[in-house]
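Have a look at the structure below, then the notes.
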Amino acid sequence: MTWTTSSTLAPLHVAHANGIVFATLNRPARRNALSDDLVAALDAECERAARDDTVRAFVLRGAGGVFCAGGDFGGFSAMMREPAPVGEPDPIAASNRRFGALLDKLAALPMPTLAVVEGAAAGGGCGLAAACDRVLIASDAYLSIPETSLGLPPAQIAPFIVARAGAARGRWLMLTGRRLSAADALHACLVDEIAGADGIDRLLRSELARVLACEPAAQRATKRIVATALRRERGAVLDAAAGEFAAALRSGAVAEGLAALSGKRLPHWASDAPAPPETR
């Protein structure tokens, strides 16, 4: 296994191993609050991953035992005292919208994405987790959507919370500024699995093993089909899915998968899940 890593001083620490991108929010002194620099770095990493056909999975987590405390309001303190500009872009709205664009890119990544929640995922951090395909949470961690209790709407994260929790439940969670234990978050469908006593890294490695056991082109096609299903009427979705199925059947991957099944061996795309990098 070969690791490649970015600087540990950057707001986002990125490591690669076995085709997996481990992106770690790296502002532990601020509980990984979302500064403009951190949002820009994660946005750029999502763009890089989206272009790289060798990436098998994208893992998002936070340094220092905390996923993400949400927006960094320190950056807004001066702007909060200024009136909205007239005849020019509003810098607060522009910054907020850039975060929404990041959530869109994260949700649209073509490979499986996993969020690993330790400590807390609050506000925008909860939105980051909700934008991922699979959300794992430590048993002592919590999620919160406190915006309305602070006088704000959960503007950019709302569509992603609703996509996970459903309109009625998601709306009520956001209207009441709820803080959710791991068990409550699981019940609300905002997370998918709670780590047991053997720890969240072990759970992550188990989930990555499941990802790496499947054929990557088929996984990407599946994500395209699901994305299409959310945008178009059912007949068009089924037409597009038929094309994806035919392309996969002719690709040679199915022949390899059937041969591996018949021969009681692993297919060539299967590989071991690496141990996650240290985030403490």
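Listed values, structure above:
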{"read-out": "Pairs, first farther than 11 Å from Thr24 by Cα in the stretch 35-61, second at pLDDT 95 or above and hydroxyl-bearing (Ser, Thr, Tyr), C-beta under 8 Å, six or more apart", "value": "Ala57/Thr113"}
{"read-out": "Those residues of the stretch 191-205 which are surrounded by 15 or more Cβ atoms within 10 Å (Cβ to Cβ) and out of contact with any Lys or Arg (no Cβ under 7 Å at 6 or more places or on another chain), in sequence order", "value": "Val191, Glu193, Ile194, Ala195, Ile200, Asp201, Leu203, Leu204, Arg205"}
{"read-out": "Scope the stretch 142-181; condition outside any strand (DSSP E or B), among the small types (Gly, Ala, Ser) and surrounded by fewer than 19 Cβ atoms within 10 Å (Cβ to Cβ); matching residues", "value": "Ser149, Gly151, Ala155, Ala158, Ala163, Gly166, Ala167, Ala168, Gly177"}
{"read-out": "Answer from Ser206, Ser139 - the residue that is in a loop (DSSP other than H, G, I, E, B), modelled with pLDDT of 95 or more and hydroxyl-bearing (Ser, Thr, Tyr)", "value": "Ser139"}
{"read-out": "Evaluation of Glu278 against (1) assigned to a helix (DSSP H, G or I); (2) exposed (fewer than 15 other Cβ atoms within 10 Å of the Cβ) (one fails), failing number", "value": "(1)"}
{"read-out": "Residue tally, condition of a type outside the set (Gly, Ala, Ser), over 26 Å from Glu207 (Cβ atoms) and surrounded by 11 or more Cβ atoms within 10 Å (Cβ to Cβ), over the stretch 246-275", "value": "1"}
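The values are calculated or read from the model by the stated rules, or taken from the named source; none is laboratory data. None of these values were measured; they are calculated from a predicted model. As a convention, Cβ positions derive from the backbone with ideal geometry for all residues, glycine included, and neighbour counts pool all protein chains shown.
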